[in-house]
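This report concerns only the one structure given below.
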Amino acid sequence: EKAMNKAQNDKIVHDAALGARTLALEAGAQVLRSECDQLRLQSTDEINALKLQSREWANLADRAVAASRAETEHLREKLAAESAMRLKLLNELQDIRGTVRVYCRPKPGATKPILTIPTQDILIVNEDSRPVSFKFDRVFSPGTSQYELFSELEEPIVSSLDGFNVTLLAFGQHGSGKTHSILGDHNLDESGLPSLQSHGVQLQALQQLFTIAGHRKGRYKDSFSVTMVEVHNEKLFDLVSGVAAAQTDGEVVICETRRDKRKGIDESDWRRGKLEIRTNIDGNTVVQGLVSIRINSFEDVCQIWQEANANRLDRLQMQGSDLGSYERNSNV
């Protein structure tokens, strides 16, 4: 009996302890459920607050983008107005200075100086007993650098992007520095090909034109093409037709005259490579039959010039021509 009573008492104590533990667990679970509900409510409030904040941020971003677009449009309009004003001032300056300008660049290195430059536009020749003076738009000193020369000519040359026709012509006797001023110094590299050094006015101008075209490509679309023609003893030679780019990107220049417009163009001549100086329907002088190549960078120009000059040297060597005497009667 004592053993049974003890077992019953133990069971009662165990059940009581189990019940107390169950009650404690239920109380803890209730607390956890309450905290979970609180966290759920808090999370919901925070998510709603984030949604409101995101809408505010989106509105701020939209206003910032709109303000940026308005500022960009204002700057574009301001730039367009300033470009128009610059073009107007350039036109007035062209009228004041004249559309044709003549510059003089004496060649340095004379052992007996016979030239005197008293002012920037006067040149005096002292070769004879009686000095003779000449007036130019500008007389450069013999030590003028290529950059200084281009700085003087940059404004009218760059105006070609505004729609002006610009012609740059070097005139002088053989060895007076025409090629040096226009193209620069060219020597043969290790492979025997001509390479340019100390870029002249023309190459500096092309480099500047490509730079400006790159800066304004968002507002304008500029395109460039190159042709090279040589005149030797009243004969025309196309220096571009033999370069690699001419086979893929070359286009033959066709001159349409008023007569051609009435009767149609006879393509048989220029397709055989015949070059002919003609005046087109707009009154412009065109060399019909030349190959024109579209260029996209300054490096394209240098590559085409290098190939064209190399082909020219090969042609003269095959003909057995003396380069010095040939150059005296040649203009490119």
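The values are calculated or read from the model by the stated rules, or taken from the named source; none is laboratory data. Bear in mind that the values here come from a model prediction, so they are computed numbers and not experimental data. Reconstructed Cβ throughout: ideal geometry from the backbone, glycine too, with neighbour counts over all protein chains shown. We work out accessible area using only protein heavy atoms, side chains counted, and drop any ligands, DNA or RNA first. Shrake-Rupley method; radii C 1.70, N 1.55, O 1.52, S 1.80 Å.
The figures follow:
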{"item": "Cβ-Cβ under 6 Å pairs, at least 6 apart or on other chains, segment 87-102 side under 17 Å from LEU169 (Cβ atoms), far side of a type in the set (Asp, Glu)", "result": "ARG101/ASP137; VAL102/ASP137"}
{"item": "Unique residue being modelled with pLDDT under 85 and not β-branched (Val, Ile, Thr) when the list is GLY289, GLY283", "result": "GLY283"}
{"item": "Of all residues making up segment 148-167, the number that are modelled with pLDDT under 90 and either open to solvent by 80 Å² or more (accessible area, probe 1.4 Å) or part of a loop (DSSP other than H, G, I, E, B) (or both)", "result": "6"}
{"item": "Near pairs, Cβ below 7 angstrom, 6+ apart or cross-chain, from segment 220-248 (open to solvent by 60 Å² or more (accessible area, probe 1.4 Å)) to any residue that is part of a helix (DSSP H, G or I)", "result": "ALA244/GLU307"}
{"item": "Only one of GLU73, GLU127 that is under 29 Å from the mean Cα position of the chain (by Cα) and among the acidic types (Asp, Glu)", "result": "GLU73"}
{"item": "In segment 307-332, residue nearest to LEU169 (Cα to Cα) [restricted to those that are at pLDDT 85 or above and among the acidic types (Asp, Glu)]", "result": "GLU307"}
{"item": "Any chance PHE134 is in contact (Cβ under 8 Å) with a residue 12 or more places away in the chain and in a strand (DSSP E or B)", "result": "yes"}
{"item": "Extreme residue, nearest to the chain's Cα centre (by Cα), among residues of segment 309-332 that are assigned to a loop (DSSP other than H, G, I, E, B) and loosely packed, with under 13 Cβ neighbours inside 10 Å", "result": "ASN329"}
